[in-house]
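Data first, discussion second: the structure below is written as structure tokens.
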């Protein structure tokens, strides 16, 4: 398995490791619940260096990213970030990602760890504009600082700037503790926070600066276990579980990131056709009404009829109940409508609820 530049740091912190997308990553350092609540109430420090970064630059870069993206990249100005999807010709989701615009014809695409090779091949295959495409994943590390105290902590190490002035989904290029850093007001937790991109060789230096400040604030390092429960509470989808190459954006509740008017992109024709025919699946959020935990793959029933399956599910440390996403038949279902989820041969009651599951700060 691949390892990030911070593997030895995590090992020294006695992290429990897990495999994720071909990477050996920290699952937890203490307990998932403790780490989760630390991010919600104080602050947490994450190693996300397994994520992929692809640079698209030179003449033709503007046209290429627009062609690949379901969202409208012409809306981007320098220093802005855009959430979007790559779709294939049949409208299936190749990946979901962030696009960073550094300048005209200069972008960074941040893709999911398990999809780096697939996404790079897709971008290169679709590149008929003459843009220069480069995988910079191995040279780039990503450390996230998330939680209510993240602004105060980061400001300690960026003396020439008040990072609270960086708006949501904006970024700046500056120095954190004299380390050249892309400081991005983004995250996968729903909390106020930042994602910090540095060279792989500087990852350990940046961690060693931030970690003592996080501990002094009574925060914690955070593993993938809490990252998953945090993103679920915030209503954020996970590629490979809630969506894949065989699902389209409308089926997983991401239609708002598909801009169909006055532009062309890969998959548009198929998505227009799907929209015209009518979407046959929808993604809903649910909350268990007993102590059971619904895991991915469990069957969902309504009035005795199998209507779909769970795609994500876990206990919510904040709400103190189990929550999840399910892909079900497209039908009018009141938000208070009861459903049942089959767990080990027994039906357990749940209800459909609004997503995100709780209001958080950004």
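Worth pointing out:
- Residue check, residue 237 under 27 Å from residue 65 (Cβ atoms) and assigned to a helix (DSSP H, G or I): no
- Taking (1) over 21 Å from residue 8 (Cβ atoms); (2) out of contact with any strand residue (DSSP E or B) (no Cβ under 6 Å at 6 or more places or on another chain) in turn, residue 204 satisfies each apart from (1).
- Number of residues in segment 1-60 that are within 26 Å of residue 357 (Cα to Cα) and in contact (Cβ under 8 Å) with a residue 24 or more places away in the chain equals 24.
- Checklist (1) in a loop (DSSP other than H, G, I, E, B); (2) in contact with a strand residue (DSSP E or B) (Cβ under 6 Å, 6 or more places away or on another chain) applied to residue 264, failing item: (2)
- Tally, over segment 263-302, of residues that are more than 28 Å from residue 339 (Cα to Cα) and modelled with pLDDT under 95: 1
- Boolean, residue 265 is assigned by TED's automatic domain parsing to the domain that holds residue 189 and within 30 Å of residue 194 (Cβ to Cβ): yes
- Segment 148-174, residues that are within 18 Å of residue 80 (Cα to Cα), in contact with a strand residue (DSSP E or B) (Cβ under 8 Å, 6 or more places away or on another chain) and outside any loop (DSSP other than H, G, I, E, B): 163, 170, 171, 172, 173, 174
- For segment 190-229, the set of residues classified as part of a helix (DSSP H, G or I) and under 17 Å from residue 25 (Cα atoms) consists of 200, 203, 204, 207, 224, 225, 226, 227, 228, 229, listed by residue number.
- Count - residues of segment 270-289 that are surrounded by 13 or more Cβ atoms within 10 Å (Cβ to Cβ), assigned to a helix (DSSP H, G or I) and without any contact (Cβ under 8 Å) to a residue 60 or more places away in the chain: 2
- Sole residue being assigned by TED's automatic domain parsing to the domain that holds residue 16 and within 25 Å of residue 77 (Cβ to Cβ), chosen from 217, 203, 144, 213: 144
The values are calculated or read from the model by the stated rules, or taken from the named source; none is laboratory data. In this text, all values refer to a predicted model and were calculated from it rather than measured experimentally. FYI the Cβ positions are ideal-geometry reconstructions off the backbone, even for glycines, and counts take in every protein chain you see.
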